[in-house]
Amino acid sequence: MSPMLSLFVSKFLFVAAALLPIINPPGLVPFFISMTSHNSQAQRAFLARRIAIYCFLLLLGSMYIGGFVLSFFGVSLPVVQISGGLLITIAAWRMLNDNPAENTPGVAELENRETLKQRAFYPLTFPMTVGPGSISVAITVGASLTSSGKALVKFTVAPLAAVAAVSVTCLLIWWCLLHADKFLRYLGQTGAVVFLRLTAFILLCLGVQIIWEGLSGLLEPLLHGVAR
């Protein structure tokens, strides 16, 4: 294996290993089902494709310009975590108070293509799929890819490897969400209702956990200052 190819593979594995565990494409299926319980199979397929596209753009944007944007506006990562955690908590609370029995064809038909595109980005892509944790990791990975090494590596090999790794991640997201219907059919009507409620509660817990991590990041410097 040539040195350039070996370097490409190592950068590819580095980005993929950083993103896949925190995004966890198979783990997105329960939340996707919960958020699209009123949609038809064709609409879910459309949403899955759009979510994958938006994830690709959001992850790459976070890698290469996310840090500059946060610095420009003076926003810290803990603040991003708190804000994203609040969005997830609000979405989970709405899911808990939603009535799955209202899953009728008329409800799904009310959503046109433009409405589905909007839902595909918020809340299904951000903050459900690519949330504060994923964005934080992407910003960190992007900084590490461009912080050191020769110009050829920083401006050619690293970007190509990052694009390839993000593409594979988003393809996995699309494939898992595309086949979410099969999992829903196995549950049955009663099982689906129970499953959606449990998923909403877990999502609520995740939102609170992200808020707590952001608060801890903000309070930690203050506590160290008091201890001194």
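Some observations on this one:
- Odd one out for Thr89, checked against (1) modelled with pLDDT of 85 or more; (2) closer than 17 Å to Ile23 by Cβ; (3) polar (S, T, N, Q): (2)
- Against the numbered list (1) surrounded by fewer than 20 Cβ atoms within 10 Å (Cβ to Cβ); (2) touching a residue at least 24 places away in the same chain (Cβ under 8 Å), Ala17 comes up short only at (2).
- Residue match in the range 11-18 (condition: of a type in the set (A, V, I, L, M) and under 16 Å from Leu178 (Cα atoms)): no
- Criterion: open to solvent by 30 Å² or more (accessible area, probe 1.4 Å) and under 19 Å from Gly133 (Cβ atoms) - qualifying residue of Pro26, Pro3: Pro26
- Verdict on Phe195 being crowded, with 16+ Cβ neighbours inside 10 Å and at pLDDT 90 or above: no
Here is a yes/no grid of residues against (1) modelled with pLDDT under 80; (2) of a type outside the set (A, V, I, L, M); (3) assigned to a helix (DSSP H, G or I):
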position: Ala108; (1), (2), (3): yes, no, yes
position: Pro123; (1), (2), (3): no, yes, yes
position: Gly149; (1), (2), (3): yes, yes, no
position: Ala162; (1), (2), (3): no, no, yes
position: Ser167; (1), (2), (3): no, yes, yes
position: Leu171; (1), (2), (3): no, no, yes
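Residue-wise test of (1) over 23 Å from Ile139 (Cβ atoms); (2) touching a Phe, Trp or Tyr at 6+ places or on another chain (Cβ under 7 Å).
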site: Phe8; (1), (2): no, no
site: Lys11; (1), (2): no, no
site: Phe14; (1), (2): no, no
site: Leu19; (1), (2): no, no
site: Pro25; (1), (2): no, no
site: Thr36; (1), (2): yes, no
site: Ala52; (1), (2): no, yes
site: Cys55; (1), (2): no, no
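- From the options Met63, Met35, residue that is touching a residue at least 12 places away in the same chain (Cβ under 8 Å) and open to solvent by 30 Å² or more (accessible area, probe 1.4 Å): Met35
The values are calculated or read from the model by the stated rules, or taken from the named source; none is laboratory data. These numbers come from a predicted model, not from an experiment. Note: ideal-geometry Cβ built from the backbone for every residue, glycine included; neighbour counts use all protein chains shown. For accessibility, only protein heavy atoms count, side chains too; no ligands or nucleic acids. Shrake-Rupley method; radii C 1.70, N 1.55, O 1.52, S 1.80 Å.
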